[in-house]
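Input: a single structure, listed below in structure tokens.
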Amino acid sequence: MRGAHNYFWGIFLIGIGILVILKYQFKLNISLLRIIVGVLFVAMGISALMGGFHTRNRSDMFFSDGMVQVVDPEKEYNIIFGNMVIDLSSIPKENLRDKIQINNVFGNALVKINPEIPTVIKLSSAFGSGNTPDGSTIVFGDHTYRIGEGTPQLTIEANVVFGKIDIVEERDK
């Protein structure tokens with residue numbers, strides 16, 4: 001059975017269509033833009049109260065919380081108004097990609113890395129907080145953190161805007 005959040009866009013578009021018909025057929029003086037924006041905000045608020053927006057992709061987190069145990073990494077992880085733990089500590093060396101991008105907007109991210117895997121982290125922040133294992137904290141600008149040398153290496157590009165990214169070292173269990 002499908003949840004109500006799966007029907008949101010269909011119901012939203014039908015509602016807009018009905019409002020357009022009512023406005024022009026009956027010559028009503030209503031502001032469509034204000035009604036559409038208001039209904040969208042109400043629907044987002046109800047969805048957030050009912051457990052958040054759910055996505056089919058394990059690498060995106062919108063308005064909810066979750067954890068990803070990464071063995072075969074995605075190219076990009078997105079956190080928007082949510083909390084996410086990204087555990088990169090158990091990636092086998094044969095599954096290392098050229099670059100993993102982590103984008104955090106108004107959210108909180110905890111990234112676990114293995115200190116035994118050569119890693120380069122390029123951290124970029126604007127009005128956010130980025131913390132690395134060496135104790136560096138960045139609020140504005142860029143910082144590069146390196147662990148070990150050699151190839152293959154794990155390259156992480158982490159971007160944070162109005163949020164927080166904590167990068168911690170954790171050995172594979």
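The values are calculated or read from the model by the stated rules, or taken from the named source; none is laboratory data. Keep in mind that this is a model prediction, so the values were computed, not measured. We place every Cβ from the backbone using ideal geometry, glycine too, and count neighbours over all the protein chains shown.
Taking residues in segment 30-55 that are not assigned by TED's automatic domain parsing to the domain that holds Gly82, and partners anywhere that are modelled with pLDDT of 75 or more and not aromatic (Phe, Trp, Tyr), the pairs with Cβ atoms closer than 7 Å and at least 6 places apart or on different chains are Ile30/Lys23; Leu32/Leu19; Leu32/Val20; Leu32/Lys23; Ile35/Leu19; Ile36/Ile16; Val39/Gly15.
Based on what the data block shows, is Val139 at pLDDT below 90 and in a strand (DSSP E or B)? So Val139 passes the test.
Identify the residue in segment 107-166 that is touching a Lys or Arg at 6+ places or on another chain (Cβ under 9 Å) and among the acidic types (Asp, Glu) and, among all such residues, is surrounded by the most Cβ atoms within 10 Å (Cβ to Cβ). Filtering segment 107-166 for residues that are touching a Lys or Arg at 6+ places or on another chain (Cβ under 9 Å) and among the acidic types (Asp, Glu), the one surrounded by the most Cβ atoms within 10 Å (Cβ to Cβ) comes out as Glu157.
Identify all residues within segment 67-84 that are under 15 Å from Phe106 (Cα atoms) and either in a strand (DSSP E or B) or not assigned by TED's automatic domain parsing to the domain that holds Val161 (or both); write none if there are none.
First pass over segment 67-84, keeping only residues under 15 Å from Phe106 (Cα atoms): 77-84.
Tyr77, Asn78, Ile79, Ile80, Asn83, Met84, listed by residue number.
For segment 57-89, the set of residues classified as of a type in the set (S, T, N, Q), crowded, with 16+ Cβ neighbours inside 10 Å and at pLDDT below 85 consists of Ser59, Ser64, Ser89, listed by residue number.
Within segment 93-131, being among the small types (Gly, Ala, Ser) and either in contact with an Asp or Glu (Cβ under 9 Å, 6 or more places away or on another chain) or within 17 Å of Thr144 (Cα to Cα) (or both) holds for Ala109, Ser124, Ser125, Ala126, Gly128, Ser129, Gly130.
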